[in-house]
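Heads up, the thing below is written out as structure tokens.
The values are calculated or read from the model by the stated rules, or taken from the named source; none is laboratory data. This is a predicted model, so every value here is computed, not measured. Backbone-built Cβ (ideal geometry, glycine too); neighbour counts: all protein chains shown. The protein model used for the area step is the full one, side chains on, heavy atoms only, and it has no ligands, DNA or RNA in it. Shrake-Rupley method; radii C 1.70, N 1.55, O 1.52, S 1.80 Å.
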Amino acid sequence: MDRIKKIVVGDHKDVGLGNKFSRHQWIERTLKNIPSGYKLLDAGAGEQQFKKFCSHLHYTSQDFAEYDGSGDGKGIQTEKWDTSQLDIISDICSLPVPNSTFDAVLCTEVLEHVPDPGRAITELVRVLRSGGQLIITAPFGSLTHFAPFHFTTGFNKYYYQHWMRILGCEILELVPNGNYFEWIAQEVRYAETASKTYGAPKMSLIEKWAQRYFLSYLKRCASASPSSDELACFGFHLIARKL
């Protein structure tokens, strides 16, 4: 029993919690590596959370500005959502700018909210100059959020490889965020929140201990099997250059 208690308390604390943090670190690093003075479009910018990393750039934000935080009240909502400071309000598949306008285009956690993500990527490449960089993040498998504006659960690396080949872009970086065991841990952690939201039975004390014990197992697996990202992960991060 002492051995079980030690594992439960000590080995599960951070597994499944790194999705947002590691993604934001990657985005910050990627944006800071863009040369000063470049023109950047933040497509699907929402509340422009990454503008703070773009002080060295000519930053332009775009969004369709129809999501208000409450949506249809189903799935995961934010309650509040402020798009009052956007530069461009438009459909992401029909941007009101000429070809080759931007040196870089950022599109993070947006494609799952677009009915036709392939068309959206095509449009982002259109407004990107030759030699410019396309920067994308999106989930591998997401729960329903921002409904009713949630159309695709996620994307794997083959999706990006397919579209970059079709659109004449060279992939410079295509990396997974987390791995299968971390992704499963994220969803195991969310079970208690979902049970409260949807009126499911509360976890008993024994069930909470079982959850924590399982999380400790997932943490050991995540550390020992990083290549499990080929099965699933939080999502993929892409940098591609338009040829």
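Could you look at the chain and say what percent of its accessible area is carbon and sulfur, using a 1.4 Å probe and all protein chains? Carbon plus sulfur share of accessible area: 54 percent.
Once every DSSP H run of n ≥ 4 in the chain is given -39500 (n - 2.57) and the sum is divided by its residues, what mean residue ellipticity at 222 nm do you get, rounded to the nearest 500 deg cm²/dmol?
Details: 6 runs with 81 residues, N = 243.
Taking each H run of at least 4 residues, the total per residue is -10500 deg cm²/dmol.
Note that the chain presents 53 Å² accessible area per residue, ligands and nucleic acids not counted, probe 1.4 Å.
Taking a ≥ b ≥ c as the square roots of the Cα gyration tensor eigenvalues, with a/c under 1.5 meaning rounded and otherwise prolate when a/b beats b/c, else oblate, which class fits region 40-102? Each step should come with its number before you reach the end.
Working: a/c = 2.97, a/b = 1.59, b/c = 1.86.
Oblate is the answer for region 40-102, as a/c is 1.5 or above yet b/c matches or exceeds a/b.
Cross-link partners of LYS51 among lysines, defined as those whose alpha carbon lies under 30 angstrom from its own and excluding same-chain residues fewer than eight positions apart: LYS20, LYS32, LYS39, LYS74, LYS80, LYS157, LYS242. What the Cβ-Cβ distance of ASN99 and LYS196 gives, at R0 = 30 Å and to the nearest 0.05, is a FRET efficiency of 0.05. Projecting the Cα atoms of GLN161, ALA45, PHE146 onto the charge dipole of the chain (Cβ charges, centred on the Cα centre) puts GLN161 farthest toward the positive pole. Listed by chain and number, the lysines whose C-alpha is less than 17 Å from the C-alpha of LYS13, apart from same-chain residues fewer than 8 away, are LYS5, LYS208, LYS219.
Compute the helix-to-body angle for 205-224: its Cα long axis versus the longest principal axis of the chain, expressed 0 to 90° and rounded to tens. For helix 205-224, the angle is close to 50 degrees.
When the alpha carbon gyration tensor of the chain is reduced to an equivalent ellipsoid, the three semi-axes, largest first, read 36, 21, 15 Å.
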